[in-house]
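A quick write-up on the structure given underneath.
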């Protein structure tokens, strides 16, 4: 990865969704971490929500953000495991125009160093919908840190070469 110091960052408008049946805003450490990371990177947090793990509420919220020209990136945390209530992939994958296959693959490869073979139970995923990038991370703060620091920070930075997702979001969104 190379960066060009002569270029300036194009800040993105980011919406953040925590999916959890047990967390509240007071103890949402993953959401807090991601909010801090987004803002520290120079992007704008335009909305942050916490929802119970419910397929239709997730779809409704994310669909509204996909349709909103003021939202360019959506990051979710939670609901990507194998428990009975984990349903983020089922809720959001049908909304994608294109899947970003390499995101989940790379996340699991990097995660292996931290949690070993348990990484196969991560169903994190990403896609593009209506010029909105959507990244679904696991619910643990460590997983959010790994996903942000090792993948998203550079891929949401307009200065990252040879490519990044900034060119795929926003501008032509109706």
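When region 29-57 is filtered for residues that are over 18 Å from residue 154 (Cβ atoms), touching a strand residue (DSSP E or B) at 6+ places or on another chain (Cβ under 6 Å) and not in a strand (DSSP E or B), the ones remaining, listed by number, are 30, 31, 35, 53, 57. Looking at region 88-100, which of its residues are out of contact with any strand residue (DSSP E or B) (no Cβ under 8 Å at 6 or more places or on another chain) and either surrounded by 15 or more Cβ atoms within 10 Å (Cβ to Cβ) or at pLDDT below 95 (or both)? Listed by number, the list holds a single entry, 91. If you go through region 68-112 and pick out every residue that is under 17 Å from the mean Cα position of the chain (by Cα), in a loop (DSSP other than H, G, I, E, B) and more than 14 Å from residue 139 (Cβ to Cβ), you end up with 7.
Look at region 17-31 and say how many of its residues are out of contact with any helix residue (DSSP H, G or I) (no Cβ under 8 Å at 6 or more places or on another chain) and surrounded by fewer than 17 Cβ atoms within 10 Å (Cβ to Cβ). Counting residues in region 17-31 that are out of contact with any helix residue (DSSP H, G or I) (no Cβ under 8 Å at 6 or more places or on another chain) and surrounded by fewer than 17 Cβ atoms within 10 Å (Cβ to Cβ) gives 5. In the condition set (1) over 27 Å from residue 69 (Cβ atoms); (2) in contact with a helix residue (DSSP H, G or I) (Cβ under 9 Å, 6 or more places away or on another chain); (3) in a loop (DSSP other than H, G, I, E, B), residue 157 is compliant with all but (1). Could you say which residue among 115, 134 is in contact with a helix residue (DSSP H, G or I) (Cβ under 7 Å, 6 or more places away or on another chain) and either surrounded by 13 or more Cβ atoms within 10 Å (Cβ to Cβ) or part of a helix (DSSP H, G or I) (or both)? Going through 115, 134 in turn, just one is in contact with a helix residue (DSSP H, G or I) (Cβ under 7 Å, 6 or more places away or on another chain) and either surrounded by 13 or more Cβ atoms within 10 Å (Cβ to Cβ) or part of a helix (DSSP H, G or I) (or both): 134.
The values are calculated or read from the model by the stated rules, or taken from the named source; none is laboratory data. Keep in mind that this is a model prediction, so the values were computed, not measured. Note that each Cβ is placed from the backbone with ideal geometry, even for glycine, and that neighbours are counted across all protein chains shown.
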